[in-house]
Amino acid sequence: MDLTLSEEHEALVRMVREFAVREVKPAAAEIDRHSRFPSELVARMGELGLMGIEVPVEYGGSGLDPIAYVLAMEEVSAACASTGVIMSVNNSLVCDPLVKFATEAQKTRWLEPLASGRKLGCFMLSEPEAGSDAAAQRTVAVPDGDGWIIDGTKNWITNGPQADTGILFTMTDRAAGHRGITAFVVDLNAPGVTRGHKDDKLGIRGSHSSQVVFEGYRAGPEQLLGKVGEGFRVAMSTLDCGRIGIAAQALGIARAAFETAAAYACVRRTFGKRVIDHQAMGFMLADMETELEAARLLTLRAAAAKMAGRRHSRESSMAKLYASETANRLAKAAIQIHGGNGYVTEFPVERFYRDAKITEIYEGTSEIQRLVIAADLLKA
Amino acid sequence: MNWSPHVEALLGAVGPLGNREFAPHAARWDDAGLDAGLAARCSEWGLFGLSAPEASGGAGVGMLGTVAVVEDIAAHSGSLAIRVAIHEAAAVGLALGLGDDELLARALGGDGFVGWCGASRGLSARAESHVRLQGAARMVPADGDVVAVGQGPEGAVVGFVRAADVGARRARSASGLCAAGWADLELDAEATHAGDDALARRLSARVSVGVAATACGLARAAITRAVEYARVREQFGQAIANFQAIQWKLANSATERDAAWMLTVKAAARLDAVADDAADAAARAQLAAVRSAVAACSEALQVHGGYGYTREFPIERLLRDARACSAIDRGDDDLRAAVVPGIVARFA
């Protein structure tokens, strides 16, 4: 079991860390405060090849592996979790299913602009009444000539206000339940698409989400992604990979919380000694580091399983569950270690705390991850 | 992530021993202690010297291969796994650390399981023309030679204590561990190593990784048993596996166990690489592994309901063994205390 990183991976970490520390981290507090979408950082990530990390070079991507993706996500998210999720959605929820399910013509038309960062993507599965229960879709695609007419409302769509291209899930046969779901790749600047107001959120405030509404949207036959009725498979396979990205985002937040708290505890003095020299605080940091390292290893294990081409639902869910809950525990502990300073916006740890919460919710709540893990354990 | 072909082959050879040689005796070993002559059989099975080079008669799979084998044994018998783990960590580790071929041959030979007596349990030692050990230690195996570490005026003292020289061993616990005492025990200076803090730290880290691997195997066994039981046990007209309250316990236990296992594998790899951070990695691994094992066994007992509390099922044994892992050498707080200086060094 080889857990050491290759030289190529080490070089990537150095490159992304430099970008994250120099350009992303200094902007993070302001992005959060003004709920500002960081267009300039998204453009830079495009230039650096971070918007299509695993996409083959011939389709405009960087042609790297899932471990590289995890490493890059951790670095960007440690600096700014909002920027991290913008990157994550484009990579794992949009480019990934296109690499896996798109035809050659679709890859040329849709994938190349997304992977090179010229266009931004989003993933449209959730609806006002269908979150974790994806089979409760109400968006319908009705055959019309050689194409389809699509009507419905999608909810909580990350990158929704800015995205050019989206992966859209619709019901083509309501009676068939999740076997009646069909996926499309859609142009969001075409007629028939409107976007709602951006959601006002607790955290990841620089990443914008909104409703996306389809009214009489016409999709041509060339926009069908995979086969009719195969949409659930497209969605679940995409989320198996997406969860690795969110695990890495959570890992980044957890690392930022631990490092900020450790540095503070080594400087701040109470009762005549450094905070870390108080046993209760030192032991808290020891636990934090242990959980952080475990979260990293579970995330890398999931990425390695994906790389080996194995089915990796359990590994992905364990990584996402553990890393997201670690991010929340560590962000909370980081505030505690900072005392009153942790509760004010002058210090970054309250932002880590708010940003961490979403990682337990999107791309499958912690409860859904436990269902996936338990189902895998219990299958005969 | 896959094991190297070498480790895979070893696991293929050791795997069948689990159901054939270990599981049928696990309850009896727990009750009455390991069979006389079991160490010799372990030696025949190739379970001694896993981390020693092949040229010296070992298996040459390092600590990485050692944790793989120990975890597998622990899934069948915690009592045996902890003895194999500590024998490998302490006795083979001391022989390799000192470059002592005679001691290595003895450790590989199967005369008995060698135990470990770490510094944190109040053992003191001092270096003179010969070395004198004074004090007492808890959680020492009830028989056999012991590798002892003490703190002397010139740093750590590491010694190999023959069984006959160990003083009274008292109050044997259910998991085969006891208190041992000795006063003014004089050891042959050549059999000890004074002032080598690095060796003492390395041995301690090897023990931590061995204990962690044992805990991971116990946790896996408990989860497997709980899954099997939840599938067949019916309440309210259906298998209890259908209830989310049960599914949650299984999912949490499996996730925590895998997290601890990854830390254990990483720590073993760092020991094999003789990395500076190996001791910290080992402490984190033991901390997470023992905690996850106790939790997994406790939840597995809950899944079994009242049956879990009886000796009809192995769960209560797994729970006792898991709990014992936190008393071997270093407890949770000792491990946390060991990790803090590394954090200070990086962030101060």
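None of the figures in this text is laboratory data; all of them are computed from the coordinates on show. Note that the coordinates shown come from a computational prediction; the quantities given were computed from them, not determined experimentally. A quick note on method: Cβ atoms are made from the backbone with ideal geometry, for glycine too, and the neighbour counts reach across all protein chains shown.
Using a simple spin-label model with pseudo-atoms 7 Å out from Cα toward Cβ, B:R201 and A:Q279 lie 2.3 nm apart. A simple spin-label model places pseudo-atoms 7 Å from Cα toward Cβ; at A:K332 and B:N2 they are separated by 4.1 nm.
Within 10 Å of the Cβ of each residue in B:244-250, the mean number of Cβ atoms contributed by other protein chains is 4.
Looking at chain A, identify the longest residue range that excludes and avoids all trypsin sites (Lys or Arg not before Pro) in DSSP loops having at most 11 other Cβ atoms within 10 Å.
That gives A:1-309 as the longest site-free run.
Here B:V69, A:V55 are placed in order of increasing Cβ neighbour count within 10 Å, fewest first, which gives A:V55, B:V69.
Of B:C216, A:C266, A:C95, the sequence from fewest to most neighbouring Cβ atoms within 10 angstrom is A:C266, A:C95, B:C216. At full extension, A:E58 and A:R179 could sit 40.3 nm farther apart than now, given 0.36 nm per residue minus the alpha carbon distance.
The shape of the protein assembly as shown can be summarised by an equivalent ellipsoid whose semi-axes, obtained from the alpha carbon gyration tensor, come to 52, 28, 22 Å from longest to shortest. Among A:S313, B:S77, B:S326, sorting on how many other beta-carbon atoms sit within 10 Å of each Cβ, with the fewest leading, yields A:S313, B:S326, B:S77.
Inter-label distance, A:N189 to B:W45: 6.8 nm, where each label sits 7 Å from its Cα along the C-beta direction.
Counting only the Cα atoms, region A:80-142 fills a convex hull of 122 Å³ per residue. Return the average number of partner chain Cβ atoms within 10 angstrom of each residue Cβ along peptide B:337-345. Per-residue shielding by partner chains comes out at 6.
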